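A short worksheet on the structure shown next.
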Amino acid sequence: MRRLLLLLIFVLIVLAVAFVLSQSLWRWVRGEDEAPVEVPEEGAGPRAWPLLVLPLPAAVAAVIALAEGRLGLLVGDVLGYGLMLGGALLVRRERREGDLTIGSRWLRRWPPATVGGGLIALGSGVTAWLGAGHHPAIGVAFALVTLAGFHLAYGLELPLRHRPLGLGGYGEDALRRAAGSIAAIEQASRSIRQPELDARLSSIAALARQILQRVKDDPRDLWRARKFLNVYLDGVQRVVEGYASTHGQVATPELDQRFRHALDTVEAAFREQHQVLLERDIEDLDVQIEVLTRQLEREGIL
Amino acid sequence: MSDRQRRLVGLLLLLVGIGVASSQALLASCSSPAAAAASTSAASR
């Protein structure tokens, strides 16, 4: 009876959460934004919350296993949930803060989202194996299915060392689209006809051009600035064009205020992106200096 | 495959991979120890 009640409560919670999230999920799949003027916190594209919500039953399972004193299940559930939670937090952090630098130099070569995807896949495999009591081979199958799903929904990337050095077709296409977006932003800013906003948009466009130039100079930056090129610029273009088209027809102080706030956020994000690229250059230089120093030490010059 | 379709398929696979594994872990915790042991030994055979 107690188990039936537990199961009933769980089913009700799942149904309620599924109902609330399904609408948000549908908007996400359709690519619609909830707030058209604000720049979204995690950028456009896939969000990390499904990765935080889906493993929750494993956390509940761990609590029940603890309450019933079943050590084997507890270890499996805690380990599996911990891996999945860690991976999801890593993905969420990267989506919020851009390309992160984490851990040792070896680890920095790996994009955090890829590390996160690996941890999540490992966590689902461990949960299926130790938590649900499946054969280890079935656990591996669960991990592979999760990894495939993560790749399709979020994208897995190669480590820096294995990334192509040239811009390639994708890079040239991305740069062309980015240059088009910057030109469209400048075009739209001219039609707003407010000197203050025009100056701020010109500053944003200039920052964007600097980032583009860095990517052209060092194609490795293409991977570091991919979110800027693929998501941010496109979003800014849509917002600025939308504001330029509505601004002339309707005067709404609230919209003006929100647009100014959005521009603040955009400018800060672009400066941060530029800073990230500069810091990576310094880091690369640091590695080169270290290698040179070791070589000179080996040869007895230092 | 369009971007939306790719995301949707990816999400469904994640639902299968993570959601099913977690839910089965929950069921295993809720089931009696004897039944869980029987299912584990059956799976290992």
Could you list, in sequence order, all residues of the range B:1-38 that are under 17 Å from A:LEU71 (Cα atoms), of a type outside the set (A, V, I, L, M, F, W, C) and modelled with pLDDT under 85? B:SER31, B:SER32, B:PRO33
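Collect the residues in the range A:226-262 that are among the hydrophobic types (A, V, I, L, M, F, W, C), at pLDDT below 80 and over 16 Å from A:ARG193 (Cβ atoms), keeping them in residue-number order. Walk me through how you get there before you give the answer.
Of all residues in the range A:226-262, those among the hydrophobic types (A, V, I, L, M, F, W, C) come to A:228-229, A:231, A:233, A:236, A:239-240, A:244, A:250-251, A:255, A:259, A:262.
Then keep just the ones that are at pLDDT below 80; that gives A:228-229, A:231, A:250-251.
Scanning the range A:226-262 gives A:PHE228, A:LEU229, A:VAL231.
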Flag if A:PRO111 is buried (at least 21 other Cβ atoms within 10 Å of the Cβ), at the interface with another protein chain (Cβ under 7 Å from one of its Cβ atoms), at pLDDT below 90 and under 30 Å from A:ARG220 (Cβ atoms): no
What about A:ALA188, is it in a helix (DSSP H, G or I), in contact (Cβ under 8 Å) with a residue 40 or more places away in the chain and either over 21 Å from A:VAL276 (Cα atoms) or among the charged types (D, E, K, R) (or both)? yes
Residue satisfying all of: in the range A:55-85; without any contact (Cβ under 8 Å) to a residue 12 or more places away in the chain and either at the interface with chain B (Cβ under 7 Å from one of its Cβ atoms) or assigned to a helix (DSSP H, G or I) (or both); nearest to B:ALA21 (Cα to Cα) among these: A:LEU56
Looking at the range A:225-237, can you tell me whether even one residue there is over 23 Å from A:GLU94 (Cβ atoms) and either surrounded by fewer than 16 Cβ atoms within 10 Å (Cβ to Cβ) or in contact with an Asp or Glu (Cβ under 7 Å, 6 or more places away or on another chain) (or both)? no
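Yes/no matrix, rows are residues, columns are (1) modelled with pLDDT under 85; (2) under 26 Å from A:PHE270 (Cβ atoms); (3) assigned by TED's automatic domain parsing to the domain that holds A:ARG92; (4) outside any helix (DSSP H, G or I):
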position: A:ALA128; (1), (2), (3), (4): no, no, yes, no
position: A:GLY139; (1), (2), (3), (4): no, no, yes, no
position: A:VAL145; (1), (2), (3), (4): no, no, yes, no
position: A:GLY149; (1), (2), (3), (4): no, no, yes, no
position: A:LEU175; (1), (2), (3), (4): yes, yes, no, no
position: A:ILE182; (1), (2), (3), (4): no, yes, no, no
position: A:LEU197; (1), (2), (3), (4): yes, yes, no, no
position: A:SER203; (1), (2), (3), (4): no, yes, no, no
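The values are calculated or read from the model by the stated rules, or taken from the named source; none is laboratory data. Owing to the predicted nature of the structure, the values given are computational and were not obtained by experimental measurement. Glycine also receives a Cβ, built like all others from the backbone with ideal geometry; neighbour counts cover every protein chain displayed.
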